[in-house]
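In what follows, a structure is listed as structure tokens, so that the remarks can point back to it.
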Amino acid sequence: MTLLDTIKNTFVPIHREGYPFIAAFGAATLFLGYFSSVLFWIGLILTGWCIYFYRDPERVTPVDDRFVVSPADGVISAVGPAMPPRELGLGATEMTRISVFMNVFSCHINRAPVRGKIARIEHRPGKFLNAELDKASTENERNGVVIDSPNGTVAAVQIAGLVARRIVCWAEAGGAIAIGERFGLIRFGSRVDVFLPPSAVPRVAVGQTAVGGETVLAEFGGIAVTPLVRIS
């Protein structure tokens with residue numbers, strides 16, 4: 001390994017979605033610094049936070065169709081039965097819901113909890129309540145991604161939070177997605193709900209810290225075909 005490779009591996013990549021915001025923070029810092037050194041240092045700290053917010057680290061995802069991985073970095077805020085959003089067309093029966101709450105210091109890149117075909121993507125406008133509140137699932141702005149997996153239908157719902165004002169989804173309906181694959185992000189504090197069929201057994205508890213693309217949220221008890229090579 002060369003010195004250049006070592007340097008590259010030391011720094012966490014920044015997602016391109018963050019470039020305009022980082023540039024704006026940097027420009028504002030220079031402008032404020034012209035008038036006050038105190039404002040300059042405050043702006044510099046905020047610029048550093050913006051860079052940190054848009055980090056996009058590589059993750060090592062377990063390649064096993066029995067597992068459901070966390071779609072985001074954060075804290076498990078809910079585990080239990082809940083009704084999925086009506087617009088997702090998942091019926092009127094409760095599913096197992098696991099919620100991951102992201103604060104403003106979490107990595108906000110969202111990843112697919114399972115592999116499969118994207119059957120549906122639905123965006124709904126709404127409020128911007130604290131994402132930790134249970135009613136945020138039904139009242140806040142959200143974007144749902146429904147995946148037909150080898151073990152049944154799984155949905156990942158991006159929910160805007162108190163500060164978040166922008167949900168980004170790069171996935172497209174009809175396409176295939178791999179477990180742990182990046183599919184979107186939410187800007188500045190939010191939550192992701194994962195809705196699972198009854199055959200999925202939760203493997204996390206409320207209060208546990210989850211790592212997007214790595215932490216196993218649930219496990220399917222049935223036998224499923226597991227790919228030999230992960231699709232990236």
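Data table
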{"item": "For the range 66-195, radius of gyration divided by Kirkwood radius, i.e. Rg to Rh on alpha-carbons", "result": "0.92"}
{"item": "The range 42-102: relative contact order as a whole-number percent, Cα under 8 Å and 6+ apart", "result": "31 percent"}
{"item": "Cα gyration tensor category, rounded, prolate or oblate, for the range 46-132 with a/c compared to 1.5", "result": "oblate"}
{"item": "Cβ-derived FRET efficiency at R0 45 Å, Ala78 paired with Tyr34, nearest 0.05", "result": "0.45"}
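Every number in this text was worked out from the coordinates using simple rules, so none of it is lab data. All values derive from a computational prediction rather than experimental measurement. Glycine gets a Cβ as well: all are built from the backbone with ideal geometry, and neighbour counts include every protein chain shown.
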